[in-house]
Structures are given as C-alpha cells and as structure tokens.
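The structure appears below as structure tokens.
The values are calculated or read from the model by the stated rules, or taken from the named source; none is laboratory data. No experiment lies behind these values; they were computed from the predicted model shown. When we count neighbours, we look across all protein chains shown, and the Cβ atoms used for this are built from the backbone with ideal geometry, even at glycine. Please note that ligands, DNA and RNA were not included when accessible areas were found on the heavy atoms of the full protein model with its side chains. Shrake-Rupley method; radii C 1.70, N 1.55, O 1.52, S 1.80 Å.
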Amino acid sequence: MIFARKIYNELIQWKKANATAAPYEKKAILIEGARRVGKSTIATTFAAAEYRTYCLIDFSKNNNGIRNCFENNLNNLDEFFEKLLAFSENKAHLYPNESVIIFDEIQEYPYARKCLDILVKDGRYDYIETGSLVSVKLKAAEIKVPAMEHAIKMYPMDYEEFCTALNQTNIIEDIRLHFKNKTKLDEKKHREAMHLLREYMLTGGMPQAVLAFVNSGKDTKNFKPVDTVKKEILNIYRNDLTKCPVSDIESVITVFDNIRGLLSQHERSTQKYGAAFIWLNEAMICNIYYKCNDPSVDLASNKNDAYAKCYMGDTGLLLSLTYDDKTITENDLYNKILNDKLHTNDGMLYENVVSQMLVSAGHSGLYYYSQTKTRENPENPEMEIEFLISRLSNQNYRVCPIEVKSETGYQTKSLIEFKTKFKEKIGTGIVILPDNLHIDRNNDILYMPPYMTFCL
C-alpha cells in the first residue's frame, strides 16, 4: 500500500518549473529526510506516475561499476547514460524531456551529487535525489552543494496524512473549517478526532508502522506488530548514530537513549550536549528547539544557543524508545493513551506530538521561552512557554506563544505574564489541550485541541 503524501505536490511544482526553464535554469531536487520516512517510495511513485519512464540508481548497493561510470565517462554523456542504464534497478529506456533519473541514497556516493551540475545542464532528463544531507556532509565535506539543486525536507506522515491513510478525510475537512471559523466541533466529532490523534501518537508517522496498523485492522488491543516495526527503525537509527564523528558518538547516543529524561527536564544546557543536539537535528531524528531571549518576529535574531529542548522527530518512535515491551504489555500503556488515562508525567507525549505537528506544518525555526528567578532579579515571575511561532495577525506578523497541557485542568499564568511583558510584539496566545475549541477574548487566548495544530 502506498500512502498519499503532501510532498508529492512540491514535486509537481518542481517538475512544472523545470519543464519551462532553460537548461541552465533547471534544478535537480533532493528529498532529504530521516531513514524510513518514505523518501524512496515517494520518488519512485512520482516518477512512475508523472514521467514516461524513469531510471533508478541505488547507491546503497556499493556497485563499483556505477562509480567507474561517474568517474570515467562524464566527458561523453551519450556513453555515460548508456552505461548508467546497465545499473538501473528497473532497466527502463530513457527519453529526452520525458524521463527522470533517481539517485537513491545519494549519501552513499557523494561524488554523484557533485556531478549534478553537469548532468542538469545537459538538459535531457530530470533528476531526483534521496538521502540524508548530514551523511553527505560527513562523508564528503569538501563537496560543495550543487548550484543546480533544490532541496526539500520530508518528515514522517503528519496527522492529516495519517487520517487519510485510515480513510478519515472528512474529519480533516471539518477540523479545517472549524479552525478557520474558530468554532467547536460537535462533541461526537471532537471525541473522534481526539481518538485518531491518540492512535497517531501511538503509531507515529513512519509509513511502515502506519501500514502495520492499517493491516491489523486498527486493532488497538494488539499493537505488537506496530511496535515491532518501530523497534526495527530505532535499531537502524542507533546503528546510524555510530557513523557520526568519533568525538561525538558517546554524547549523541546518550541523548538519543535519554530523550524521555530530556523532555521531562524541559530545557537543557548545550554546554555538554550541544554537538549531539546539532547532529540529531541535522539527521532529522530529533527536533531541537532553542531558547529565545527576547521574542520578536525575527525569532532567530534573539536565539540563545546555550539552552535547548530536544524532541523526538516521531512521537510513535519516542513511545517505543522510552517504554520497553514489558511496560507496554503489563501496564497496558496503549489503552491508557487511547482512553486518555495518562499520568501527568506522561504529558511529554502531547508536547512531543505538538512539536512534530508544528515542524510538519512548516515551522522550521524552532524556539521556546523561559524565565526563572535569579539572584540578580528575584522578582522575576517564573515563566515557561513551550513554543514560539510567527503568525500573520491583522495583516502584521506577530509572535504567537503556545502552551501545551495534557489535562483539562490548567493555569495560564505564564502565558498571561508573557503576553503582558512583550505585549507590543505578541499576537493571540494559544493553549493546546485535550478539550474542544474555545476563546478567552478578555486575554486574547485561543484554547484549541491538539488535533488542530496542523492548521497553524
């Protein structure tokens, strides 16, 4: 089963732009993402549907013949393409202006990426690359980014894509409409949307895990096949982590294995784990949020690199990483989540899924705010705002502070104090919690359920 992915539309736009561009204006496209998010599947699916033919070259197979072809035949492109086809996974014929060549797992042979400017300028074919850019950097730091390349990021399936995979597209339309109008869903649909969100938190957005869930008939009493898939993916990640620079391996693996602890501690000094945070973020395994000292529309200008928060890129993987099989089966963790019976200290799952949904929605600059009492400023009120994003409000961009609550009993003291302190720069505050949408107009706060996060 192949799932519908939003990134397909980005590929369509790229192909249209190439079709009308002069050869020197064309671009190859790099689909960058963590392992197992579906990069190769979307590349081949797109190529099969949108081109007459495609040629698939898989660099993970360590074929010396492919390398010889690149290193010895680029001075004669007719001969190069003829030899390249011999190593194609699908043995297809190529047609000028009607075919695309896919370089799969290009991080395994960075020299091929270096050659893209020559191939794209030739103008005969389009080129799609898939891979992890951080691996390319590690293996070939001296290779510059091709001028004729456009990179896009691919993430795990988001909540919309998950619902679509479960044939629940109508509820997505309802959620969008009610968010736009700032009105509640009726209670039955709200409960349904929350149940789907909890299934999404359990399963995550890795296509193989979603497929296991679909194939199980959405059997919430037996998540073992889903968990098995997620544990296999985590093992692949852990193996990949050993390929980072030797000086960083210990701290990278420590952070990876202790993400639950890092989440429960909120922010963390980057003095010890800064390199690990950067590596995991670039590998797109984790999402790293940095402290912002003085929120403004240009959040990056006030970024504080000394403190950061670490979230897992996929909440389903976080669940399988932090709980072993015995905990899941004996404590019936899956059913607790599905029935909204989580303990307070498990609220980090809600915070993580909101983080994941914000990243999927295009918020690439990841920031938060915190303030504590200090010896110099003992009167400072304690404040913690989980996420800061920029949003258009009344035709002007404003910083939007977001708090996440895992329970319906909550306080908004931090949010109100934050809005008061930075009022000229701040737009509507948002509290995300497992309750239906409502508005506090006196304090300009929108209370919304977590399943609406993708609408931001």
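Within segment 243-250, is even one residue of a type outside the set (Ser, Thr, Tyr), at pLDDT 85 or above and either in contact with a Gly (Cβ under 9 Å, 6 or more places away or on another chain) or within 23 Å of Leu333 (Cβ to Cβ) (or both)? Taking every residue of segment 243-250 in turn, none turns out to be of a type outside the set (Ser, Thr, Tyr), at pLDDT 85 or above and either in contact with a Gly (Cβ under 9 Å, 6 or more places away or on another chain) or within 23 Å of Leu333 (Cβ to Cβ) (or both).
Out of the residues in segment 127-159 that are open to solvent by less than 20 Å² (accessible area, probe 1.4 Å) and farther than 28 Å from Ser99 by Cβ, state the one that is modelled with the lowest pLDDT. Per the stated criteria, the residue is Val134. Scanning segment 60-91 for residues that are open to solvent by 10 Å² or more (accessible area, probe 1.4 Å) and among the small types (Gly, Ala, Ser) gives Ser60, Gly65, Ala86. If I filter segment 397-408 for residues that are part of a strand (DSSP E or B), modelled with pLDDT under 90 and open to solvent by 50 Å² or more (accessible area, probe 1.4 Å), do I get at least one hit? Yes, segment 397-408 contains at least one residue that is part of a strand (DSSP E or B), modelled with pLDDT under 90 and open to solvent by 50 Å² or more (accessible area, probe 1.4 Å). Among the residues of segment 217-254, those that are assigned to a helix (DSSP H, G or I), over 16 Å from Gly204 (Cβ atoms) and of a type outside the set (Asp, Glu) comprise Arg238, Asn239, Leu241, Val246, Ser247, Ile249, Ser251, Val252, Ile253, Thr254. The sole residue among Ile389, Ile432, Ile385, Ile439 that is surrounded by fewer than 16 Cβ atoms within 10 Å (Cβ to Cβ), of a type in the set (Val, Ile, Thr) and either under 27 Å from Pro156 (Cβ atoms) or at pLDDT 90 or above (or both) is Ile439. Flag: Leu280 does not match the condition of being surrounded by 21 or more Cβ atoms within 10 Å (Cβ to Cβ), in contact with a strand residue (DSSP E or B) (Cβ under 6 Å, 6 or more places away or on another chain) and modelled with pLDDT under 85. Check segment 211-223 and report whether any residue there is touching a residue at least 24 places away in the same chain (Cβ under 8 Å), in contact with a helix residue (DSSP H, G or I) (Cβ under 7 Å, 6 or more places away or on another chain), aliphatic (A, V, I, L, M) and surrounded by 19 or more Cβ atoms within 10 Å (Cβ to Cβ). Looking for residues that are touching a residue at least 24 places away in the same chain (Cβ under 8 Å), in contact with a helix residue (DSSP H, G or I) (Cβ under 7 Å, 6 or more places away or on another chain), aliphatic (A, V, I, L, M) and surrounded by 19 or more Cβ atoms within 10 Å (Cβ to Cβ), one finds none in segment 211-223, hence no. Looking at Ala48, Ala17, Ala4, just one residue is in contact (Cβ under 8 Å) with a residue 60 or more places away in the chain and open to solvent by 40 Å² or more (accessible area, probe 1.4 Å), and that residue is Ala4.
The condition (being out of contact with any Asp or Glu (no Cβ under 9 Å at 6 or more places or on another chain), touching a residue at least 40 places away in the same chain (Cβ under 8 Å) and open to solvent by less than 60 Å² (accessible area, probe 1.4 Å)) is satisfied by just one residue among Leu30, Leu94, Leu11: Leu94.
Report yes if Arg124 is of a type in the set (Lys, Arg) and open to solvent by less than 50 Å² (accessible area, probe 1.4 Å), otherwise no. No; evaluated as a whole, the condition is false for this residue.
Scanning segment 228-245 turns up one or more residues that are open to solvent by 10 Å² or more (accessible area, probe 1.4 Å), of a type outside the set (D, E, K, R), over 17 Å from Met284 (Cβ atoms) and in contact (Cβ under 8 Å) with a residue 24 or more places away in the chain. Within segment 64-81, the set of residues being in contact (Cβ under 8 Å) with a residue 40 or more places away in the chain and part of a loop (DSSP other than H, G, I, E, B) comprises just one member, Leu74.
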